[in-house]
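The values are calculated or read from the model by the stated rules, or taken from the named source; none is laboratory data. What you see is a predicted model, and the numbers here were worked out from it, not measured in a lab. Note that we place each Cβ from the backbone using ideal geometry, even for glycine, and neighbour counts take in every protein chain shown.
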Amino acid sequence: MGDPWFEVSKCADKVQPKRCVGALSRLAIDTVCGVCQQAVTRPAYEADELIGRFRNLADTRQTMWYQERRDRRLALAAIAWKADVRTVADEKYADVPEMQTWLEDTLADEPVVWLDEVFANKSVRPQGNLEKFRMMCEGFMEQFEQSKIMYRSINPRMIRSAIRDFETRVSIPDVPDRRTFVIINKEEAL
């Protein structure tokens, strides 16, 4: 995967926790890592692993998909789910205890919509994949009957889209994590 993630392969490091951020590497398969001296042998995202993860999400919580197609081909897909803040903290920030504490202190037991993943197939639509970002987020909030949707990202486009589409209804708090945390409110804050 390209900019900004560069997640090409799984880190082969034998040290725990793995030294690559998120246990993923930007190295091509069969390349030796300069840090751990191990050759990476597995792609960052394997189909069976992803399918299993998405099935698990659907089996353990309210889950919804959003899709955009172009010429019958999938151009963009997103998955969101409804859960409590503790679930988000445990699943998304197990490696960042400070963030778990921040989430629980800031959002308490409030149910949330978590925008888990957004995938764009740039071979189908090279640009403009977030043009309907507002419609997608509002649709998730409406379908889940929640007043907030949240996500984390290092992708500047995902951050800019929230600011562009939601202006004063978006909050980007300073958090103890390397990723930007975004909270979008359904209504204008009073």
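Identify, from the list 172, 163, 149, the residue that is hydrophobic (A, V, I, L, M, F, W, C) and in contact with a Ser or Thr (Cβ under 7 Å, 6 or more places away or on another chain).
On the way: 163 fails: in contact with a Ser or Thr (Cβ under 7 Å, 6 or more places away or on another chain); 149 fails: in contact with a Ser or Thr (Cβ under 7 Å, 6 or more places away or on another chain).
Only one candidate passes the filter, namely 172.
Filter the stretch 157-177 for residues that are assigned to a loop (DSSP other than H, G, I, E, B) and aliphatic (A, V, I, L, M); which is surrounded by the most Cβ atoms within 10 Å (Cβ to Cβ)? Walk me through it before giving the result.
Let us first name the residues in the stretch 157-177 that are assigned to a loop (DSSP other than H, G, I, E, B), namely 172-177.
Add one more test, that the residue is aliphatic (A, V, I, L, M), and what stays is 172, 175.
On the way: 172: 13, 175: 17.
Out of the qualifying residues, it is 175.
Do we find a residue being among the basic types (Lys, Arg) and not in a loop (DSSP other than H, G, I, E, B) anywhere in the stretch 90-97? Steps first, answer last, please.
If we filter the stretch 90-97 for residues that are among the basic types (Lys, Arg), which is where we start, we get 92.
Next cut, not in a loop (DSSP other than H, G, I, E, B) only: 92.
Yes, there is a match, as at least one residue in the stretch 90-97 is among the basic types (Lys, Arg) and not in a loop (DSSP other than H, G, I, E, B).
Under the condition of being among the charged types (D, E, K, R), within 15 Å of residue 184 (Cβ to Cβ) and free of Cβ contacts under 8 Å to residues at least 60 places away in the same chain, the residues counted in the stretch 120-144 number 3. Does residue 83 count as outside any loop (DSSP other than H, G, I, E, B), surrounded by 14 or more Cβ atoms within 10 Å (Cβ to Cβ), modelled with pLDDT under 90 and assigned by TED's automatic domain parsing to the domain that holds residue 142? Judged against the criteria, residue 83 is a match.
Here residue 56 passes the criteria (1) surrounded by 16 or more Cβ atoms within 10 Å (Cβ to Cβ); (2) outside any loop (DSSP other than H, G, I, E, B) except the one numbered (1). Before we move on, is residue 124 in the same structural domain as residue 68 (by TED's automatic domain parsing) and at pLDDT 90 or above? Spelling it out, residue 124 is indeed in the same structural domain as residue 68 (by TED's automatic domain parsing) and at pLDDT 90 or above.
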